[in-house]
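Data block below; observations after.
Only the coordinates and a few stated rules stand behind these numbers; no lab work does. In this text the structure is predicted, and so the values were computed from the model without any measurement. Ideal geometry is used to build each Cβ from the backbone, glycine not excepted, and the neighbour counts take in all protein chains shown.
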Ligand SMILES: C[S@@+](CC[C@H](N)C(=O)[O-])C[C@H]1O[C@@H](n2cnc3c(N)ncnc32)[C@H](O)[C@@H]1O
């Protein structure tokens, strides 16, 4: 597999592959979020989905009676989300510049805060986003997200694998740069088009975030926050964790 970089960030083929093959995390996160909202006795209101992808979580929370406002930097993902949840409001925009309406919950599922698709992403920018999220949330509102941290590519710092179905195959390699706290994923997809397969290649760079640093940022802007080891039945492997934050009432 070559690591030839290109400008794609979840282009049409990888967006389709993510949507059809890797939606389990978003479904588990939706279940977790709905359980948390139930405990907080919230049964209506707006949920903001940062890095909403193809709208899998959006569809689940919309079916449960919430309004959804989603943002994603990938045009292909936004097109899938709009088709899946016609009642939702979806914006093709980076979470770093998104204007946030008042909300009962905000989510960022699938390492969204780690991606360097928007090259402005940094600790300082993330802290600003968290401050805006805090302002947008109602008292008692929930912020649920997950982050990749050091160790995400396993003890060797490198991991590769593949997934295949009737219609597509996806080969991936993840390499961690421990000194710079970054992770590079090279992903090649082969998607069936009639009798042939279309090959596409993407390179994703992520900055790794220490969970304790994320918790400190959240506390600085006024959240109560803790690490969670699972979303519903989905248990995070080492180097990846969820964070549940609440705006005090
Ligand atoms: C692993 S996917 C997860 C998608 C969705 N949340 C889910 O769980 O199915 C990560 C998503 O984050 C989006 N993303 C990455 N950087 C972003 C940014 N700066 N602003 C908005 N979306 C971003 C990607 O385009 C992609 O859709």
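Please state the shape class of the stretch 48-110: rounded when a/c is under 1.5, otherwise prolate if a/b exceeds b/c and oblate if not, all from the C-alpha gyration tensor. It would help to have the intermediate numbers written out before the result.
On the way: a/c = 1.65, a/b = 1.09, b/c = 1.52.
Oblate, since a/c reaches 1.5 and b/c is not below a/b.
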field: Value in Å of the Kirkwood radius, where the stretch 158-206 supplies the Cα pairs that are averaged
entry: 11.8 Å
message: Between 0 and 90 degrees, rounded to the nearest ten: what's the tilt of helix 123-136 against the longest Cα principal axis of the chain?
response: 50 degrees
message: Roughly how far apart, in whole Å, are the Cα centres of the stretch 77-153 and the stretch 17-61?
response: 12 Å
- prompt: Under Stokes-Einstein, with the Kirkwood radius over Cα pairs standing in for Rh, what whole-number D in µm²/s applies to the chain at 10 °C and 1.306 mPa s?
  reply: 86 µm²/s
field: Spin-label model distance (nm) - residue 116 vs residue 132, 7 Å beyond Cα toward Cβ
entry: 2.2 nm
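Would you please give the FRET efficiency between residue 125 and residue 194, computed as 1/(1 + (r/R0)^6) with r the Cβ-Cβ distance and R0 = 41 Å, to the nearest 0.05? List each step's numbers first, then the result.
Values: r = 43 Å, r/R0 = 1.06.
Efficiency, from the Cβ-Cβ distance: 0.40.
On average over all directions, what projected area in square nanometres does the stretch 184-246 have, based on the convex hull of its Cα atoms? Kindly include the intermediate steps, with their values, before the conclusion.
Working: hull surface 27.5 nm².
Average of the hull's projected areas for the stretch 184-246 equals 6.9 nm².
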message: Quick check on the exposure proxy: order 77, 217 from fewest to most C-beta atoms within 10 angstrom.
response: 217, 77
query: So how tilted is helix 75-84 from the main axis of the chain? Cα-based, degrees 0 to 90, rounded to 10.
result: 60 degrees
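Quick one: which of 228-236, 42-50, 95-103 comes out on top by average Cβ neighbours within 10 Å, and what's the full order, highest first? Intermediate values should be presented prior to the final figure.
On the way: 228-236: 14.3, 42-50: 20.7, 95-103: 16.9.
Final packing ranking: 42-50, 95-103, 228-236.
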query: Rounded to the nearest 500 deg cm²/dmol, what is the calculated helix-only ellipticity per residue at 222 nm for the chain, with -39500 (n - 2.57) per DSSP H run of length n ≥ 4?
result: -8500 deg cm²/dmol
- prompt: Simple spin-label model, 7 Å along Cα-to-Cβ: residue 36 to residue 205 in nm?
  reply: 3.0 nm
- line: Computed from the beta carbon distance with a Förster radius of 30 Å, FRET efficiency for residue 91 and residue 160 to the nearest 0.05 stands at 0.30
query: Among 51-58, 187-194, how do they line up from the highest to the lowest mean number of other beta-carbon atoms within 10 Å?
result: 51-58, 187-194
